[in-house]
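Inspection log for the structure reproduced underneath, given as C-alpha cells.
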Amino acid sequence: MIDPAEAAKRLAAARAVDLVMPGMRLGLGTGSTAAHFVALLGERVAHGLKVIGVPTSERTREQAHALNIPLSTLDETPELDLTIDGADEFDPQLRLIKGGGAALLREKIVAAASTRMVVVTDRSKQVATLGRFPLPVEVDRFGLESSRRHVIAAGQATGCAGTVTLRKTSDGHVLVTDGGHAILDCAFGSIPDPDALARALNAIPGVVEHGLFIGLAKAIIVADAAGVEVIGDLT
C-alpha cells in the first residue's frame with residue numbers, strides 16, 4: 001500500500017517536473033519531496049532531456065549522479081533558472097522554515113542564485129503561523145554555547161519562547177552539516193514576526209544561516225488526496 005503522504009509528495013514533484021524546459025540550469029533541493037522531484041527528473045533525463053543541475057547537499061548530489069543527471073556547481077554555473085526544493089513549513093505569505101535535513105545553508109545559497117524558487121510539499125506542511133516545526137539555525141562550532149544563548153535572546157526579543165537545543169545524530173554525536181557547522185533547533189512553537197526574528201538572527205556573529213526563507217519562494221505546489229494546488233505564481 002502506498003503511503004498517502006509519499007503519494008502526495010510525488011504528485012507535487014510531478015507537477016514541478018512539468019516546469020522544467022530543455023537547457024535549464026536547475027537547483028536540486030534536499031529532502032523527501034525534493035528526492036521525488038530528482039527521481040522524476042532522472043526519468044526525463046534518461047529519455048533525452050538536456051538540463052544541468054546544482055545539488056544543495058551531498059545526499060542530493062549522490063542521488064542525481066546515480067541517475068546520470070549532469071551536475072555542476074555554483075562556481076561553474078553561478079546563475080540558475082529554477083530551483084525546486086521542499087519545505088518543513090510554509091505560511092500564507094510563502095515564508096518557509098527549512099533545514100530539517102541540515103542542508104539549509106546550501107539550499108538558501110542555491111535559491112538566491114535562481115531566477116525562480118518553487119517549493120513542492122504535501123498539505124501537512126501548511127500552517128497559519130510558522131514555528132510548529134523547530135526552526136533550524138546553522139552555527140559555527142566555535143563558541144556554540146555562547147551562540148545558543150544569543151539565539152535564545154533573539155527569540156525572546158521578537159516574541160518567541162521555547163527550548164533551543166543542539167542537534168545530534170542518532171548515536172549521540174553532534175551533527176555536522178556539509179559545510180562543517182552545527183545546527184541549533186529552536187522549538188518556539190509560534191513565531192509571531194518571522195521577518196524580525198530573521199533580522200535578529202542575522203545579527204549574531206556565530207550564526208552562519210537560519211532556516212527562515214523569506215522572499216525566496218515564488219510559488220508552492222502543495223498536494224494532498226484531493227489533488228494539487230498552486231499557491232503563488234509559477235511563471
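The values are calculated or read from the model by the stated rules, or taken from the named source; none is laboratory data. Computed from a predicted structure; not experimentally measured. Positions of Cβ are generated from backbone atoms using ideal geometry, with glycine treated the same way; all protein chains shown enter the neighbour counts.
Restricting the range 123-152 to residues that are within 14 Å of the chain's Cα centre (by Cα) and among the charged types (D, E, K, R), the residue that is surrounded by the fewest Cβ atoms within 10 Å (Cβ to Cβ) is LYS125.
Give the number of residues within the range 1-51 that are among the basic types (Lys, Arg) and in a helix (DSSP H, G or I). Step through it out loud before you land on a result.
Filtering the range 1-51 for residues among the basic types (Lys, Arg) gives 9-10, 15, 25, 44, 50.
Then drop every residue that is not in a helix (DSSP H, G or I), which leaves 9-10, 15, 44.
The total comes to 4.
Among the candidates LEU96, LEU82, which residue alone is surrounded by fewer than 23 Cβ atoms within 10 Å (Cβ to Cβ), under 29 Å from ASP233 (Cβ atoms) and not aromatic (Phe, Trp, Tyr)? Even if it seems obvious, please write down each step before you answer.
Working: LEU96 fails: surrounded by fewer than 23 Cβ atoms within 10 Å (Cβ to Cβ).
The conditions single out LEU82.
Among the numbered conditions (1) in the same structural domain as ALA8 (by TED's automatic domain parsing); (2) in contact with an Asp or Glu (Cβ under 6 Å, 6 or more places away or on another chain), the only one that ARG167 does not meet is (1).
Within the range 209-235, being surrounded by fewer than 20 Cβ atoms within 10 Å (Cβ to Cβ) and either among the aliphatic types (A, V, I, L, M) or out of contact with any strand residue (DSSP E or B) (no Cβ under 8 Å at 6 or more places or on another chain) (or both) holds for ILE214, GLY215, ALA219, ALA225, ALA226, GLY227, VAL228, VAL230, ILE231, LEU234, THR235.
Within the range 198-224, how many residues turn out to be out of contact with any helix residue (DSSP H, G or I) (no Cβ under 7 Å at 6 or more places or on another chain) and either in a helix (DSSP H, G or I) or of a type in the set (A, V, I, L, M, F, W, C) (or both)?
7
In the range 1-27, the residues that are closer than 12 Å to ARG116 by Cα form Cβ pairs under 9 Å with partners that are of a type in the set (Ser, Thr, Tyr) and surrounded by fewer than 24 Cβ atoms within 10 Å (Cβ to Cβ), at six or more places apart or across chains, as follows: ARG25/SER72; ARG25/THR77; ARG25/SER114; LEU26/SER114; GLY27/SER114.
Entry remark, the range 225-234: residues being outside any loop (DSSP other than H, G, I, E, B) and of a type in the set (Gly, Ala, Ser) number 2 in total.
Looking for something touching a residue at least 24 places away in the same chain (Cβ under 8 Å) and under 17 Å from the mean Cα position of the chain (by Cα) - is there at least one such residue anywhere in the range 198-209? The answer is yes; a qualifying residue exists.
Does ILE69 satisfy the criteria of being without any contact (Cβ under 8 Å) to a residue 12 or more places away in the chain and either in a loop (DSSP other than H, G, I, E, B) or not assigned by TED's automatic domain parsing to the domain that holds ALA226 (or both)?
Details: without any contact (Cβ under 8 Å) to a residue 12 or more places away in the chain: no; either in a loop (DSSP other than H, G, I, E, B) or not assigned by TED's automatic domain parsing to the domain that holds ALA226 (or both): yes.
In short, no.
Only a single criterion out of (1) of a type in the set (Lys, Arg); (2) outside the structural domain of LEU19 (by TED's automatic domain parsing); (3) in contact with a Ser or Thr (Cβ under 9 Å, 6 or more places away or on another chain); (4) within 30 Å of GLY53 (Cβ to Cβ) is not satisfied by ARG148, namely (4).
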